[in-house]
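A short reminder: the numbers here are calculations on the coordinates, not readings from a lab. Source: prediction; values computed, not measured. Here the Cβ positions follow ideal geometry from the backbone for every residue, glycine too, while neighbour counts run over all protein chains shown.
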Amino acid sequence: MQATLGRAVDHLLSLQSPEGWWKGELETNVTMDAEDLLLRQFLGIRTDEQTQQSAAWIRSKQREDGTWGNFYGAPADLSTTTESYAALKLAGDPSDAAHMARAREYILDAGGLERTRVFTKIWFSLFGLWSWDDVPVMPPELMLLPPSVPLNIYDFACWARQTVAALTVVSAYKPIRPVRFRLDELRTGIEPEPFAPLPTWPGAFQRLDRLLHLYERRPSSALRRAALKKAERWIVERQEADGSWGGIQPPWVYSLMALNLLGYPVEHPVMQKGLEGLDKFTIVEDGIRRLEACQSPVWDTALALVGLGDAGLPPDHPAVEGGARWLLDEEVRVKGDWAVRRPTLPPGGWAFEFENDWYPDIDDTAEVVMGLRRASLPGLDDAVARGVAWTIGMESKDGGWGAFDADNVQELIRKLPFCDFGEVIDPPSADVTAHVVEMLAGEGMADHPSAQRGIEWLLREQEPEGSWFGRWGCNYVYGTGAAVPALIDAGIAPEHESIRRAVRWLEQVQNDDGGWGEDMRSYNDPEAWSGRGDSTASQTAWALLALHAAEEREGAAERGLAWLAETQREDGTWDEPWYTGTGFPGDFYINYHLYRLVFPVIALARFAR
């Protein structure tokens, strides 16, 4: 075990940047690249070189059956395949090419353009390939609703909030910038799906959308001007120092389009800053071009410090000090959107990305505090104290923690017609709550009322078979790997029935090869996929962290450790094409390239210790 750990630690150390941070690639799906080409087409800045490099990447991800999926080994996805097909047509691929014919066959069999998600239809409406009349309305007047009124912009989760704010502008203008191809060959002529019954919220909103379409023909000019002006100020104000919006792709691309429609030429400093920022999220190598949907240096650096500290590196080790010093400089000391619900709470916390002052998050803040405690630097205690206080202040009323906001639980938002892709609210989750409880316990605050409410929340949210749902990692293995160490650190005995049930579940779902794995399909079909999937290094490490905390050092744990030792590569890391990170459960997934290394380091270090 020591040799396996040593090779992994050496590799992890080799990945640290001169500035002190770690950052693994965030791999998602090819809609990022298809939409990047469509954005550049919309703005009139697409180049032949960009087009061919992105098209090469998209083609490389097409499967034998002609489809594209949303994660490694995923079933075909209609919208992802349709957007990829459109991007390749934009790149000049002929419709009768074999790879295009295979994609088209699947698209038609799956329902054609008519059954793609709303956001796909919005992209196509921008170019006259779909009718704006058949897209749900998102009126900019939404921006005028105060935070106390249901369905206001702050009822949306932060990632959806920024996206929706920009899309209300796009929806108001309904632009059409024609392209030199059509997608008529992807239409089936199938009838639209019938409305849900009127007494239901979806049915009521669908009928309201029809009324909004009528309003859009002749909106109140005064209200529309005021709404667009507020949307413009809101969007511009929230651009980050690196040019992004929230450090993530969806609000970034829609904000650029919205501002362009509001009269900002691509030469405008705000637009240039945004486009230059996108270039820094773009990887170009070996003739291909791919876009990261986000970057995770704060998260990766915090996890690396936890791993290195657990592996025995002293607090004054140059790598540990360098990482901690960089994290201290990344502390967010200004108020963002979270202050709408917590106006008197002083700022203090960390975001996920290089630049995201508007949206620090609870999960990163908890992990950063735990990472900083592996170091020894002047000013560390003050930063930790601010982070702890901010985190406690962001606890939701039910005792748990969401990722970015407190009490962001307006489920009515999920019923809106344009919310058919991804989570749009940010309720408390087991993984975030567990990380906070673990952090508070590490600070000697397990008896604090907030920690106690968090413990009660976790015990209450355990699944009947013994696992916990994982919101930001896949899935029940991730939730369980977070919850058990947190509860043990907070004083729950290893003999507690909740811990015993978790251990039994992990033993039951262990693979025959000794590892653990869970397919992303567990979000849609937990009965078939909960805790089931090919063994991965990151998920095996999550299971081992739970077993170690529960004082299970033999049997399943020994087989898991042996699997890590047997599958380690010569360079000290592990192969992991599988996606184990989650953006939107059921819709959008992430392969964190550092997970395959940093979590095994943590698990191996704790068992070796």
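General remarks:
- In terms of its alpha-carbon gyration tensor, segment 207-293 comes out prolate; a/c meets the 1.5 threshold, and the first ratio a/b outweighs b/c.
- The alpha carbon convex hull volume per residue for segment 378-532 rounds to 141 Å³.
- For segment 138-272, the fraction of alpha-carbon pairs in successive 10 Å shells from zero, as %: 10, 33, 34, 19, 3
- Dipole-positive endmost among 294, 371, 323 within segment 284-393 (Cβ charges, Cα centre): 371
- Rg ratio for segment 279-320: its Cα radius of gyration over 2.2 N^0.38 Å, N being its residue count, equals 1.69.
- Close amide H partners of residue 361, meaning residues 5 or more places away or on another chain with modelled amide H under 5 Å apart, are 350, 351, 352.
- Legend: distances between Cα atoms for 229/273; 121/273; 23/415; 121/280; 23/230; 23/61; pairs beyond 26 Å are 121/273; 23/415; 121/280; 23/230.
- Placing +1 on each Lys and Arg Cβ and -1 on each Asp and Glu Cβ, with no other charges, gives the chain a dipole about its Cα centre of roughly 2220 debye.
- Cα gyration tensor shape for segment 75-175, rounded if a/c is under 1.5, else prolate or oblate: prolate
- Each of 599, 352 has some number of other Cβ atoms within 10 Å of its Cβ, and from fewest to most they run 352, 599.
- Close amide H partners of residue 588, meaning residues 5 or more places away or on another chain with modelled amide H under 5 Å apart, are 583.
- Across all directions, the average flat footprint of the convex hull enclosing the Cα atoms of segment 515-609 is 6.3 nm².
- Global form of segment 26-141, assessed from the alpha-carbon gyration tensor, a/c cut-off 1.5: oblate
- The string of couplings for segment 57-73 from the Karplus curve (6.51, -1.76, 1.60, θ = phi - 60°) is 5, 4, 4, 5, 9, 6, 8, 4, 7, x, 9, 10, x, 9, 7, 4, x Hz, one whole number per residue in order, with x for Gly and Pro.
- Intensity falloff of segment 186-332 expressed as log10 I(q)/I(0), Debye formula with alpha-carbon point scatterers, at q = 0.11, 0.13 Å⁻¹: -0.77, -0.91
- J(HN,Hα) series, segment 460-472, from Karplus relation 6.51 cos²θ - 1.76 cosθ + 1.60, nearest Hz, glycine and proline x: 6, 8, 4, 5, x, 7, x, 9, 10, 5, x, 6, 10
- Per-residue ³J(HN,Hα) for segment 314-320, Karplus 6.51 cos²θ - 1.76 cosθ + 1.60, θ = phi - 60°, Hz, x for Gly and Pro: x, x, 9, 4, x, 5, 5
- Amide H contacts of residue 25: 593, 594, each under 5 Å away and 5 or more positions distant or on a separate chain (H built 1.01 Å from N in the peptide plane; Pro and chain starts excluded).
- Alpha-carbon spread of the chain, three principal axes, descending order, Å: 67, 56, 51
- Residue-averaged [θ]222 nm for the chain, counting only DSSP H segments that reach four residues, each worth -39500 (n - 2.57): -15000 deg cm²/dmol
- Take every Cα pair under 8 Å whose residues are at least 6 apart in sequence, average their separation, divide by the length of segment 93-193, and the relative contact order is 36 percent.
- The tail of the calculated P(r) for segment 251-376, taken as Cα-Cα distances beyond 19 Å, holds 61 percent of the pairs.
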